[in-house]
Structure formats: C-alpha cells, structure tokens
Amino acid sequence: MDIRFDQRVVIVSGAAQGLGRAIATAFRDAGARVHLADINEDVRRTATDIGATAHVLDLSDRAASNALVQEIAGQEGRIDILALAAGGVCGLADLPFEDVTEENWGRVFGANVEGALWLSQAAAPFMRKAGWGRIVIISSGAGLRPSLTGLHAYTSAKHAVIGLTKQLSVGLAQYGITANSVAPGLIRSNPTTELQWEGYGPEGQRRLVESLHTKRLGKAEDIATATLFFASEQANWITGQVLSVDGGRS
C-alpha cells in the first residue's frame, strides 16, 4: 500500500521530540507540507532537521491555537490533516492521589486534551469547506485501562482524549472528515519515557516485555505508521476508532 500526502497540509502537535517528531518526519517523507506546533522551543531545531515549519505556542490556549490555524491556512490556503501528539505527564509521574491539586490536574488536561480540542475546533471549518479532512489524536493505553505511570490526571486525560475523538467523529463525518485515535504502548522516545522505563528496574522491565505478545518494545516509527494510515485516503471509511499499537499487551 503506497500512502502519499503530496500537497496535503499537515499540522503535527507535540512535534519537538518523541512520537510527534517521528510522525512529522513520516508525513514529510510521504510528501506533505508539514507544520510543527509545540510549547517546547526545541521544535525549531526539529523543523530545521526535517525541513518543516515550526510554531512555538501553548496549545491549551484557545486563542493561540486558533491564531495558529488561521496563520497556516492563510499561508497554505488549506488545512488537511491534524496529527495531534501533544501531551504527556508534565513531570508529574507517580504523583500520589492525595497530592492532586487543581493546578497540576489542569496542567495535565491542558497538555493532553485542550490542545487537541482547540486545534480541532479551529481547523474543522477549513476541512468542512474542502469536504475532506483527517484528525488523528495520539492517546495511550492509559486511555483504555489504568496507567503504568500511576498518575490519575494522565489516565483521566487520555480517557477524555478517546471520548473527544469519538465525539468529533460523529459531528464531522457528514463533511468528509474522519477522527481516529492511535493508542501507543510504552515507546522509549523521549526523556520522560526513558525515566519511566528506568524506574521499572530490570525485573519490572522484564515483566513488561514478557506481557507483550511480540516480546519486545515498539518504536516511534510504529506509531507514525499507524497515524499515516488513519490520515490516508485508504482509511476513508474508518472513523471514531482507537487503534492500540502496543505489541499485543496481555
């Protein structure tokens, strides 16, 4: 199956590193015009490395996300695909339940849910006008079951991401727009996931790998491949779905 995105305009959020960077690189290799969005200034270096355009902003800010979409649509004349990989534990992994506050709960939801919501809201009118669009949100196995991070806000936020995906699929399908989610297992793709992996220790690492049908961890490129499929023409009758890309976790 030859999946191409020549002349398609793609916004990849959370693209400074990790899964977002791998997804952005895959879209570039498939011919898309790629815009990278991240709160992390490192997104500028990523954009230079892969030949994309960088945008630094807080995606949980509705006005900033809307302005970004308007800017890109003004430059490109279209918005075809959102690949939304922004999120994470915001430095709060293993936060005890009794230490949950409004601030740290909101920080995690802002990073994982609100950015996806505001970008989708801003891009949808351009997709509706074109009669075609793809929204692919990176969720997590934590959106389907309790999280290995032990973080209540992260697990709740990833469940919310899946709910948002399904609701977007209902409202937008009549306009030729699909909305789907990729739910990765543990991918050692950034400093946070490396710390998580190291925190398991040798025995915990062994148990985790043994719990996978493949008996090995995946790579960021595995998540990128699934994302590109959902964004493709070939997936035009698939919407509201969650694809677990986790090596077959038992």
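The values are calculated or read from the model by the stated rules, or taken from the named source; none is laboratory data. Note that the coordinates shown come from a computational prediction; the quantities given were computed from them, not determined experimentally. Note that each Cβ is placed from the backbone with ideal geometry, even for glycine, and that neighbours are counted across all protein chains shown. These area figures cover heavy atoms from the full protein model, side chains too; ligands, DNA and RNA do not enter into them. Shrake-Rupley method; radii C 1.70, N 1.55, O 1.52, S 1.80 Å.
Structure notes:
- With semi-axes defined as the square roots of five times the eigenvalues of the C-alpha gyration tensor, the equivalent ellipsoid of region 2-47 measures 19, 10, 7 Å, largest first.
- Only lysines eight or more places from residue 129 in sequence, or on another chain, were considered; those with a Cα closer than 28 Å are 166.
- Ligands, DNA and RNA excluded, the heavy atoms of residue 117 present near 60 Å² of accessible surface to a 1.4 Å solvent probe.
- Accessible area in square angstrom per residue, the chain, 1.4 angstrom probe: 46 Å²
- Its residue count N sets the reference 2.2 N^0.38 Å, and the alpha-carbon radius of gyration of region 57-203 equals 1.12 times that reference.
- Once the convex hull of all Cα atoms in region 1-131 is built, its volume per residue stands at 121 Å³.
- Span-rule helices in the chain, defined as complete DSSP H runs reaching 24 Å or more along the axis (Cα) with Kyte mean at least -0.5: 152-172
- Once the Kirkwood radius over Cα pairs is known for the chain, the Stokes-Einstein relation at 25 °C and 0.890 mPa s delivers a diffusion coefficient of 136 µm²/s.
- Cα-derived Rg over Rh, computed across region 178-219 with Rh taken as Kirkwood radius: 1.05
- Of 159, 213, 55, the order by accessible heavy-atom surface (1.4 Å probe, DNA, RNA and ligands excluded), from most exposed downward, is 213, 159, 55.
- When the convex hull of its Cα atoms is viewed from all sides, region 117-169 shows a mean projected area of 3.8 nm².
- Coordinate range along principal axes, alpha carbons of region 74-153, Å, largest first: 48, 24, 16
- Shape of region 29-74, Cα gyration tensor, a/c cut at 1.5: oblate
- Note on the chain: with a GNM built from Cα contacts shorter than 10 Å, the maximum mean-square fluctuation among 206, 28, 45 falls on 206.
- Extension gain for residue 98 to residue 216 (0.36 nm times residue separation, less C-alpha to C-alpha distance): 39.0 nm.
- Residue-averaged [θ]222 nm for the chain, counting only DSSP H segments that reach four residues, each worth -39500 (n - 2.57): -14500 deg cm²/dmol
- Nitroxide proxy distance, nm - points 7 Å out along Cα→Cβ at residue 41 and residue 188: 3.0 nm
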